[in-house]
Amino acid sequence: MRAANLISLATSFGLTFAEVYLGFNSGATTDSGDAKRQADFEKEFETAQKLKNSPGLFNSVRLYTNIQASTTDTPIEAFPAAVKTNTTLLLGIWCSGADNIDNELSALTKAVDQYGHNFTNLVIGISVGSEDIYRVSEDGLRNNAGLGQDTDTIIGFIRDVRDRIENTLLSNVPVGHVDTWSAWANNSNSEVIDEVDFVGTNLFPYYENDKDNDISNVTNLFENALNNTKRAAGDKPVWITETGWPSEGPDFGQAIATLDNAKIYWDTVGCTLFGKENIFWYTLRDSNPDNKAKFAITKDLSTTPIFDLTCPAEASAPPPINTNVPTDSATSLSLNTLAMIISMVFALAAGTA
Ligand SMILES: *[C@@H]1O[C@H](CO)[C@@H](O)[C@H](O)[C@H]1NC(C)=O
Ligand SMILES: *[C@@H]1O[C@H](CO)[C@@H](O)[C@H](O)[C@H]1NC(C)=O
Ligand SMILES: *[C@@H]1O[C@H](CO)[C@@H](O)[C@H](O)[C@H]1NC(C)=O
Ligand SMILES: *[C@@H]1O[C@H](CO)[C@@H](O)[C@H](O)[C@H]1NC(C)=O
Ligand SMILES: *[C@@H]1O[C@H](CO)[C@@H](O)[C@H](O)[C@H]1NC(C)=O
């Protein structure tokens, strides 16, 4: 109620509040392939919020599926763990190789029935698919990326999700799709952009072995990839749904997986984005036994990460809370008006208004 008051008060003065999400990705299994249970997810989400020297509060998580591992359509146990730890959720619908997404939607519907608002209030978005279009592109086929999905199927699934959440507690949640920047920048896939509320992009200079991808060049490569995605996305918001650099694993082109390079990537790419863009770091804890590159920033979910998360002084720190005021609307306000709003906000927060 109080938060709603603050927002409507601010809105009446022409301010718009945009939340910026900061989180990690989370697979349905551990790195040894075991299904994660509620306690595993809880520990993960608690660690994320308590990381030593964290440059911001990591209280969001991106999932890949609504289905608990090794069940048909039981809701994933990350949901009650998110409720318990107050972690916001970018939901994922697994689409690659699927004829339909009925089980994904069934698990989602069951979770809404079971947990109600406690769950739906945390849902910040639904991504229909992850890198499916990349997997069937020339690059994906050459890299044996596995089963994917064509654009028409993804569009059909996006519509299925919209139909299913209409008239439910999730009806206002943005629906998007996650893919690589090269898939988004490919004109043949532009119809997917027309269909989504947000464009999720996975950006890994580490894997760009067709470029000069030495760690010294990552700012260039990262910006190039993000700029290309934004250009293709037009007026649709772009969410950075995966980015990171592994601390161990094979070389890709000039990219070398070391602890030092993982820290350099955090500092030079991550620290310039935290609190400014919606970002889901890859990752807190590895969950893909087939991937020899290890991206986890913690071992055994310790709150002391494998490198110091402190951002360099020149990278701007994110705001302390999850709300920020876009400068273009803020600058149109006089300082007096702003001061008045701030004092009213404090009065409300103190319960005196
Ligand atoms: C949950 O987190 C949000 C920020 O995402 C915060 O505004 C809210 O007060 C928190 N709720 C509880 C019960 O801690
Ligand atoms: C939602 O959370 C509240 C507070 O923890 C609890 O009392 C209530 O039973 C929960 N509702 C559901 C449907 O789980
Ligand atoms: C562009 O997208 C189309 C359709 O998804 C795909 O067949 C093609 O391979 C892509 N091109 C490249 C260079 O990846
Ligand atoms: C860095 O990457 C860009 C592509 O974004 C490339 O043009 C450039 O040659 C690379 N190398 C260096 C040393 O900047
Ligand atoms: C990406 O776009 C930003 C903002 O327009 C610009 O400052 C930057 O130079 C661009 N980077 C690359 C590598 O194109």
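Would you confirm whether or not segment 160-179 contains a residue that is in contact (Cβ under 8 Å) with a residue 40 or more places away in the chain, within 16 Å of ligand 3 (Cβ to nearest atom) and in a helix (DSSP H, G or I)?
No; the residues of segment 160-179 include none that is in contact (Cβ under 8 Å) with a residue 40 or more places away in the chain, within 16 Å of ligand 3 (Cβ to nearest atom) and in a helix (DSSP H, G or I).
Would you mind stating whether L226 is in a helix (DSSP H, G or I), free of Cβ contacts under 8 Å to residues at least 24 places away in the same chain, open to solvent by less than 60 Å² (accessible area, probe 1.4 Å) and of a type in the set (A, V, I, L, M)?
In short, no.
Just the residues that are touching a Ser or Thr at 6+ places or on another chain (Cβ under 6 Å) and of a type in the set (D, E), please, taken from segment 289-304.
Listed by number, the list is empty, since nothing qualifies.
Of S287, S332, S302, which residue is buried (at least 21 other Cβ atoms within 10 Å of the Cβ) and either in a loop (DSSP other than H, G, I, E, B) or at pLDDT 95 or above (or both)?
Going through S287, S332, S302 in turn, just one is buried (at least 21 other Cβ atoms within 10 Å of the Cβ) and either in a loop (DSSP other than H, G, I, E, B) or at pLDDT 95 or above (or both): S287.
Can you spot a residue in segment 246-261 that is crowded, with 23+ Cβ neighbours inside 10 Å, assigned to a loop (DSSP other than H, G, I, E, B), assigned by TED's automatic domain parsing to the domain that holds D31 and at pLDDT 95 or above?
For segment 246-261, residues crowded, with 23+ Cβ neighbours inside 10 Å, assigned to a loop (DSSP other than H, G, I, E, B), assigned by TED's automatic domain parsing to the domain that holds D31 and at pLDDT 95 or above: present.
Just to be sure I understand, how many residues within segment 133-162 are touching a strand residue (DSSP E or B) at 6+ places or on another chain (Cβ under 7 Å) and buried (at least 20 other Cβ atoms within 10 Å of the Cβ)?
So the count comes out to 7.
Just to verify a result, which residue in segment 58-104, among those that are within 19 Å of G156 (Cβ to Cβ) and more than 20 Å from the chain's Cα centre (by Cα), is nearest to ligand 4 (Cβ to nearest atom)?
G97
Every residue in segment 203-214 that is surrounded by fewer than 20 Cβ atoms within 10 Å (Cβ to Cβ), assigned to a helix (DSSP H, G or I) and more than 16 Å from ligand 3 (Cβ to nearest atom), please.
none
Being in a loop (DSSP other than H, G, I, E, B) and touching a strand residue (DSSP E or B) at 6+ places or on another chain (Cβ under 8 Å) is the filter here, so list the residues in segment 229-239 that pass it.
Of everything in segment 229-239, those that are in a loop (DSSP other than H, G, I, E, B) and touching a strand residue (DSSP E or B) at 6+ places or on another chain (Cβ under 8 Å) turn out to be K236, P237.
Starting from segment 113-128, keep only residues that are within 15 Å of ligand 1 (Cβ to nearest atom), then list their pairs with residues that are open to solvent by less than 10 Å² (accessible area, probe 1.4 Å) and in a helix (DSSP H, G or I) whose Cβ atoms are within a distance under 8 Å, requiring at least 6 positions of separation or different chains.
Every condition considered, the pairs that remain are Y115/F79; F119/F79; F119/A82; F119/A111; L122/A82.
In segment 1-105, which helices (runs of 4 or more DSSP H) lie fully inside it and hold 3 or more residues that are open to solvent by less than 50 Å² (accessible area, probe 1.4 Å) and modelled with pLDDT of 95 or more?
Output list reads 38-49, 78-85.
Can you name the condition, by its number, that K292 falls short on among (1) over 22 Å from Y64 (Cα atoms); (2) of a type in the set (K, R); (3) more than 16 Å from ligand 4 (Cβ to nearest atom)?
Result: K292 passes all but (1).
Is it the case that I67 is more than 16 Å from ligand 3 (Cβ to nearest atom) and assigned by TED's automatic domain parsing to the domain that holds D31?
yes
The values are calculated or read from the model by the stated rules, or taken from the named source; none is laboratory data. Please read these numbers as outputs of a predicted model, since none were measured by experiment. Glycine also receives a Cβ, built like all others from the backbone with ideal geometry; neighbour counts cover every protein chain displayed. Quick note on the areas: whole protein, heavy atoms, side chains included, nothing else; ligands and nucleic acids left out. Shrake-Rupley method; radii C 1.70, N 1.55, O 1.52, S 1.80 Å.
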